[in-house]
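The values are calculated or read from the model by the stated rules, or taken from the named source; none is laboratory data. All values derive from a computational prediction rather than experimental measurement. Every residue, glycine as well, gets a Cβ built from its backbone with ideal geometry; the counts of neighbours run over all protein chains shown.
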Amino acid sequence: MCKILIFGGTSEGRLLALFCAENYIHAYVSVTTEYGAELLGKSGFLHILMGKMDFKAIWDFILSHEIETVIDATHPYAEEASKNIKSACDSLPIKYIRIIREQEKNVEGAKYFNNISHIVSYLNSASGNILITTGSKNLKEFCGIKNYQDRCIARVLPSHDVIEKCAETGLEKSHIIAEKGPFTVQQNELHIKKFGIRFLVTKDSGSIGGFMEKVEAAQKNNVEILILKRPEEKGILLETMKKILVEKYE
């Protein structure tokens, strides 16, 4: 009987789900996009749930399916999702485990910011093209950049909904890179050179998310790196979670 619910959408979530399948551990895996579901493939041990779940949907699912353990492997910057997941678990209560990424060392020469509005202010004091690699969710917050439509290039997932979100901010198709990552250093360099990029905006997403490949490409091409700081959080690493699952469910 399936007693585990994994909230994915990240490399950690995918790797943990595949680990469950390889070790004959049944698990429900929640992802928000078709792309996320495709990456998991098909397995008799993985039961895929597609679409966003709010607090009530999470609470109802946990209760109706008698879930014992909820594993939050959502993105480090998906604070609202983590809040809903943890609140649902606490209210029942059942075991909640947060998967965190190892913190990278600070990148030499990069500038770190607490929020996007500070990045926008900084970019408004400078000139040059900007490669935004923080995803489509917060793209509207960058619209405050002077000459936004001319200066900004958004790199996002190649889904119809995501591209529509970009278009809603006023970006032309020629300023949207709709490709699947993570990207190699060479691929990042191609994008930097093609669009004459002066600034790279990225999240501190860790090595598993292709962060260092972006950094290396930017440094090799004298591109200034602007990093959105990761929210502080507590949890365990992926490898520790794997050991816990094997001990309890294998």
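Which of the strands (runs of 3 or more DSSP E) found entirely inside the range 159-250 contain at least 3 residues meeting this: in contact with an Asp or Glu (Cβ under 8 Å, 6 or more places away or on another chain) and either among the aliphatic types (A, V, I, L, M) or modelled with pLDDT of 95 or more (or both)?
Details: elements: 176-178, 197-203, 224-228.
Here the list reads 197-203.
Of all residues in the range 62-87, those that are at negative phi and touching a residue at least 60 places away in the same chain (Cβ under 8 Å) have Cβ atoms under 8 Å from Cβ atoms of residues that are in a helix (DSSP H, G or I) and of a type in the set (Lys, Arg), 6 or more apart or on another chain, in Thr69/Lys248; Asp72/Lys86. I'd like to check something: does the range 205-215 contain any residue that is free of Cβ contacts under 8 Å to residues at least 60 places away in the same chain and buried (at least 18 other Cβ atoms within 10 Å of the Cβ)? For the range 205-215, residues free of Cβ contacts under 8 Å to residues at least 60 places away in the same chain and buried (at least 18 other Cβ atoms within 10 Å of the Cβ): present. Residues in the range 118-137 that are under 20 Å from Val215 (Cβ atoms) and touching a residue at least 12 places away in the same chain (Cβ under 8 Å): Ile119, Tyr122, Leu123, Ala126, Gly128, Asn129, Ile130, Leu131, Ile132, Thr133, Thr134, Gly135. Picking from Ala217, Ala154, which residue would you name as being outside the structural domain of Thr33 (by TED's automatic domain parsing), touching a Leu at 6+ places or on another chain (Cβ under 7 Å) and over 24 Å from Ser82 (Cα atoms)? Unique residue meeting the criteria: Ala154.
Which residues, taken from the range 76-101, are part of a helix (DSSP H, G or I) and under 12 Å from the mean Cα position of the chain (by Cα)? Steps first, please.
The initial filter retains those residues of the range 76-101 that are part of a helix (DSSP H, G or I), namely 79-91.
Those that are part of a helix (DSSP H, G or I) and under 12 Å from the mean Cα position of the chain (by Cα): Glu79, Ala81.
Among the residues making up the range 18-34, a single one is touching a Leu at 6+ places or on another chain (Cβ under 6 Å) and in a helix (DSSP H, G or I): Ala21.
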